[in-house]
Amino acid sequence: AFSFSSQLKLHMITHTGDKPYQCSKCDKAFATRHLHACHMRMHNGDKPYQCSHCEKGYSNNCNLIRHMRTHTGERPYKCSDCDMDFAENGTLRNHMRTHTGERPYQCTQCDKSFMLNKNLLSHLRTHTREKPYQCKHCDKEFSWNAQLTMHLR
């Protein structure tokens, strides 16, 4: 049971997926006015959350907390299958795929799948022949940064 009708409304959004607060500067939408306001600080350049160690500013408290771990060395996310720990939950989630074998990012052009989205995006260049890495000395183009690095040696 919920103590307040506002709590019930927030809970119901998890079922409906309703996101009525649209960003006027990008295509993102938000379930609550608060989340929308936090997002808008990023566009406006407002950084009210300051690091006490290095004075770096952040638009939201979550990013400040994540940053603070670079100073404290805190790694609160522990793998239940091995002795590794991580500063961020998302990094732990990606790591867990090494244990489960899950490869959720499927190529639509062939039967390959990947543990990380960035690896799928890199793989897609084998199909599109896109070459986003350009040598500034000779204008030669490469599909992967490692190729450019080798070229520059």
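Readers should treat all values here as calculations from the given coordinates under stated rules, not as data from a laboratory. No experiment lies behind these values; they were computed from the predicted model shown. In this analysis, Cβ positions are derived from the backbone assuming ideal geometry, glycine residues included, and neighbour counts consider all displayed protein chains.
In whole Hz, with x marking every Gly and Pro, tabulate ³J(HN,Hα) for region 12-17 from phi via Karplus 6.51 cos²θ - 1.76 cosθ + 1.60, θ = phi - 60°.
Along region 12-17, the couplings run 4, 4, 5, 8, 7, x Hz.
Note the full-extension length gain between residue 19 and residue 75 as 0.36 nm times their separation in residues minus their Cα-Cα distance, in nm to one decimal.
Stretched out fully, the residue 19 to residue 75 stretch lengthens by 16.9 nm.
How long are the three semi-axes of the equivalent ellipsoid for the chain, computed from the Cα gyration tensor as the root of 5 times each eigenvalue, in whole Å, largest first?
35, 23, 22
Starting from the amide H of residue 21, placed 1.01 Å from N in the peptide plane, find each other amide H under 5 Å away whose residue is 5 or more places distant or on another chain.
Long-range HN contacts for residue 21: 30.
Could you go through region 54-71 in sequence order and give the Karplus-derived ³J(HN,Hα) for each residue, using 6.51 cos²θ - 1.76 cosθ + 1.60 with θ = phi - 60°, rounded to whole Hz, and x for Gly and Pro?
10, 6, 5, x, 9, 7, 9, 5, 4, 5, 5, 4, 4, 4, 4, 5, 5, 8
How big is D for region 105-152, in µm² s⁻¹ as a whole number, if Stokes-Einstein is applied with the Kirkwood radius of its Cα pairs at 37 °C and 0.692 mPa s?
Once the numbers are plugged in, D ends up at 282 µm²/s.
Can you give me the C-alpha center-to-center distance between region 39-60 and region 1-28, rounded to a whole angstrom?
Result: 24 Å between the Cα centres.
Taking a threshold of 28 Å on the Cα-Cα distance, which of the pairs 9/78; 25/56; 19/112; 28/56 fall above it?
Cα-Cα > 28 Å for 9/78; 19/112; rest within.
Hey, can you grab everything whose amide H is under 5 Å from the amide H of residue 105? Only 5+ residues off in sequence or another chain; H modelled, so Pro and N-termini drop out.
114
Please report the relative contact order for the chain, taking Cα pairs under 8 Å with a sequence separation of at least 6, and give it as a percent rounded to a whole number.
8 percent
Stretch residue 4-residue 145 to full length: gain in nm at 0.36 nm per residue minus the Cα-Cα span?
That works out to 45.4 nm of additional length.
Please compute the modelled spin-label separation between residue 107 and residue 94, points set 7 Å along Cα→Cβ, answer in nm with one decimal.
2.0 nm
Angle check, please: helix 33-44 long axis (alpha carbons) against the longest principal axis of the chain (alpha carbons), in degrees 0 to 90, nearest 10.
The angle comes out at about 40 degrees.
Given C-alpha coordinates of region 1-60, what is the ratio Rg to Rh with the Kirkwood estimate of Rh?
We get a ratio of 1.12 for region 1-60.
Let me know the longest stretch in the chain that avoids all chymotrypsin sites (Phe, Trp or Tyr not before Pro) found in a DSSP loop with at most 14 other C-beta atoms within 10 Å.
5-143
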